[in-house]
1. From the backbone phi of segment 11-22, what are the Karplus-calculated ³J(HN,Hα) couplings (6.51 cos²θ - 1.76 cosθ + 1.60, θ = phi - 60°) in whole Hz, Gly and Pro given as x?
2. Quick one: what do you get for segment 3-83 if you divide its Cα Rg by 2.2 N^0.38 Å?
3. Once amide H atoms are built 1.01 Å from N in the peptide plane, which residues 5 or more positions from residue 369, or in another chain, come under 5 Å H to H?
4. Please report 631, 524 as a ranked list, fewest other C-beta atoms within 10 angstrom at the top and most at the bottom.
5. Can you sort 529, 20 by how many other beta carbons sit within 10 Å, fewest first?
6. Taking a cut-off of 20 Å, what percent of all Cα-Cα pairs in segment 332-511 are separated by more than that?
7. Give me 384, 560, 16 sorted ascending by neighbouring Cβ count inside 10 Å, so fewest comes first.
8. Any idea what the dipole of segment 137-241 comes to, in debye rounded to 20, about its Cα centre with Lys/Arg Cβ at +1 and Asp/Glu Cβ at -1?
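Any read-out appearing in this document is the output of simple, stated calculations on the displayed coordinates, not a laboratory observation. What you are looking at is a predicted structure, and each value in this text was computed from that prediction instead of being measured. As a convention, Cβ positions derive from the backbone with ideal geometry for all residues, glycine included, and neighbour counts pool all protein chains shown.
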Amino acid sequence: MTEEQRLFLSDAEEIVERLYRDLDQLRVARSDGRRRRELAAQIFRRVHTLKGSAASLTLKPVSEIAHQFEAVLDGTRLGRLELTGDMLDTFEAAVAAIERALRSTPDEKSAPDLQAIVQHLAAYAEASKTQGVIASGLRMALPADLAGSLSEYDLQHAREAIREGAKLFIVSAGFEIDSFDRNFRKLTKLLGEGGETIATIPGRPAGDDQINFQILYAAEYISSEVLRRASSLGSIKHQEIKVETEPGATKPPRDANHPLTRATDRDYAAVRIELAKLDDLILAASELSRQTTNALAGISGSTQAKAAESATRDLRMRFVAFEERLIKLRLVPAGEVLQRAATRAGRIAVHHLRKEVEFEIRGADVGIEKSLADVIADPLLHLVRNAITHGIETPDQRRAAGKNPTGRVTLEAANQSGRIQVTVTDDGRGIDLDQVVAAAAQQGISSTGLSEDQCLRLIFRPGFSTSRELSDLAGRGIGLDVVDRAMDIAGGEARVATEKGAGTTVAMIVPAALSLAKCVIVRCGEQVYAIDASTVSDSSLASGSRSGADATDSTNLPLVYLTSLVNLATQPTKDHANEGNTFMIWRRPSSSKNAGSGVPGYRIAVDEIVATQETLIRGLGRHAYRWVGICGAAEIFDGPVALVLDLPELIKRGLETGAG
């Protein structure tokens, strides 16, 4: 067995476990059209992943089942097939057959029962081709430009929603250029509370300073409260599309014996732990219990006050260490996630496209929460596939451009002040901004006034594409919007940077609920802050107490006051009481483009540098982006809670506002 096959089999076992859970939920929620479609699409993506990887690795039995399974699921999510108990039983049998096939040897012949399941699935797939034909009345009811932009899946989705009793609306939304990305996401989330967004189509531009979208939306009604909240995001209008109900169409009844569930994979997240670690944890708990007893006993006598104080202090330190160890048990190495993406998506894509690509993994030891790793796993696969399919050139093209014929894709993870940053970088052709602008123009989006960053952000929007080509690797309509959806779930953001002819970097930046990082603890007035130690070096007095080249170098750096950066001082002055007698040195990373304006670093004036220590950082949740320059909160050893600062972002904001 090759290393690629071994890694795939390990990953496939986890996918099979999720498929079983998905099918359990699908059986319960099959009478809820919206939830049924979500689950069917999720199962479809998982089976699609198994099919592509198995075919590339010559695991024919798995590929055969997955191929037919995917075809049936495609009909199910399109609403062509009605989910029946027999069909769900067949789905479970198919997953069980995949599980057995994964345990067999690659050259082992398919068992008769496996072939029977393949034939059963094929019969369902064939039936789906003739069922659920889209009613002509639906096409005629829609505006011609909108109907022409909808895919078959979109129209079937709308048909199913109508069949289940929903009304169809066209929501026209116009946003200011500088905030369209954020407000568009808020609008789709708001609409999702009471209905389904079926498709998003770029609309006709209303001017150079506005971007418009048309949203095909299905809901029982749009409340006045939703319209009121939506109006604060932009120019929002809506109209109902009158569609005649198909003859014989009825809303399927819900099964009262099975309440609907919205459980997600995160509810079932599990981490494998070595027995040795558990044994060590049990011993540590026993020792903590003993020390607690001794400490409490020592407090009772006044003559033991000093010993009790020492024991209490030691106890606090041990409890903190215990908490840190518990947190580490919740983490998985980022290398596992990155390596799977490189193997499952990267090498398979290279094999199919006959390109030459080397993969580099960086930050493999960075700890990521299991639930967070699950959220970014699929988007990471798509980013790697996209880098190879659209970024890396063929060997001949690279030679003609003076490049090494072997391309390079780098997958990197880093923990920066409680934020996990996962990046995919290729040294390919880069994103052609002219092509993005041309595609935007074809879809009714004016490029006038759009910055380079705003143009690049368009590639993550639903309904936007610079290519109309479909491939087996890309799947049926699964694109980069999966990255944006994952970032919405995780409360993160996607950033992209590109250089024509040199390559592209896409970063997923997500807040970690809990993380460990080495921080410099500083005090300004009565407030304590934590700053990622990797970005600063602590220093002594600002005036002449240091000597040598390092002192000369630091004194040439501009001085800024931390209280000004965090807006604690109402009228910042240059003395700031005692602040300024002590400072840290912040060095701008060579890769940073968003802070410093070319200045290599800054002296950051504070009242006191308390300590440099390993710090447990707690995230601020999905709405952390509202607090600019704050990454999270940390409980320091002696009790106080310190805000964790994003110093590069604060410096950038300070430069923009003139604080100093």
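1. These are the phi-based 3J(HN,Hα) values: 6, 5, 4, 5, 5, 4, 4, 5, 4, 4, 5, 4 Hz.
2. Normalised Rg, Cα atoms only: 1.14.
3. Distant-sequence amide H within range of residue 369: 332.
4. 524, 631
5. 20, 529
6. Of all Cα-Cα distances in segment 332-511, 53 percent exceed 20 Å.
7. Starting with the residue having the fewest Cβ neighbours, the order is 16, 560, 384.
8. Once rounded to the nearest 20, the dipole reads 180 debye.
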